[in-house]
Amino acid sequence: MTDPSTAVLQPTGRLNMVAAPAFKHLVEETVASGQARIVVDLGEVTFIDSSGLGALISGLKATRQAGGDLRIADVPEQVMTVLRLTNLDRVLRAHTTVADASDDW
């Protein structure tokens, strides 16, 4: 069970240049509402491009500036491959489940 101060966001489909701005806005709104701990459940994301990666990094920056963190969970292989190729897997560590990502804030 996740802590009530932790928000779980679950984008679906393609996290690309079309969807990334809305996702980035959602993260910003979530942080502005006082939830600076965010777990992004990527289990339903079928594709990610540089715009999607940018939205995740922007979210990471926003949460950390607010004293929280952004973590990713249930990362599909296509997304993990892109994270590895860009070395962002070192910045955004993948967790198996949302519960795993929520542990030890």
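Bear in mind these aren't lab numbers, they're just calculated from the coordinates by the rules spelled out. Keep in mind that this is a model prediction, so the values were computed, not measured. Here the Cβ is made from the backbone with ideal geometry for all residues, glycine too, and neighbour counts use every protein chain on show.
I'd like to check something: does segment 1-17 contain any residue that is over 18 Å from Ala101 (Cβ atoms) and either assigned to a helix (DSSP H, G or I) or basic (Lys, Arg) (or both)? Yes, segment 1-17 contains a residue that is over 18 Å from Ala101 (Cβ atoms) and either assigned to a helix (DSSP H, G or I) or basic (Lys, Arg) (or both). With respect to (1) over 10 Å from the mean Cα position of the chain (by Cα); (2) assigned to a helix (DSSP H, G or I); (3) free of Cβ contacts under 8 Å to residues at least 60 places away in the same chain, the lone exception for Ala101 is condition (3). Residues in segment 66-98 that are surrounded by fewer than 16 Cβ atoms within 10 Å (Cβ to Cβ), without any contact (Cβ under 8 Å) to a residue 24 or more places away in the chain and either in contact with a strand residue (DSSP E or B) (Cβ under 6 Å, 6 or more places away or on another chain) or of a type in the set (S, T, N, Q) (or both): Thr81, Asn87, Thr96.
Taking the criterion of being in contact (Cβ under 8 Å) with a residue 40 or more places away in the chain and under 14 Å from Gln78 (Cβ atoms), would at least one residue in segment 43-50 satisfy it? No, because not a single residue in segment 43-50 is in contact (Cβ under 8 Å) with a residue 40 or more places away in the chain and under 14 Å from Gln78 (Cβ atoms). Checking each residue in segment 30-88 for being over 13 Å from Arg14 (Cα atoms), hydroxyl-bearing (Ser, Thr, Tyr) and assigned to a helix (DSSP H, G or I) picks out Thr30, Ser58, Thr63, Thr81.
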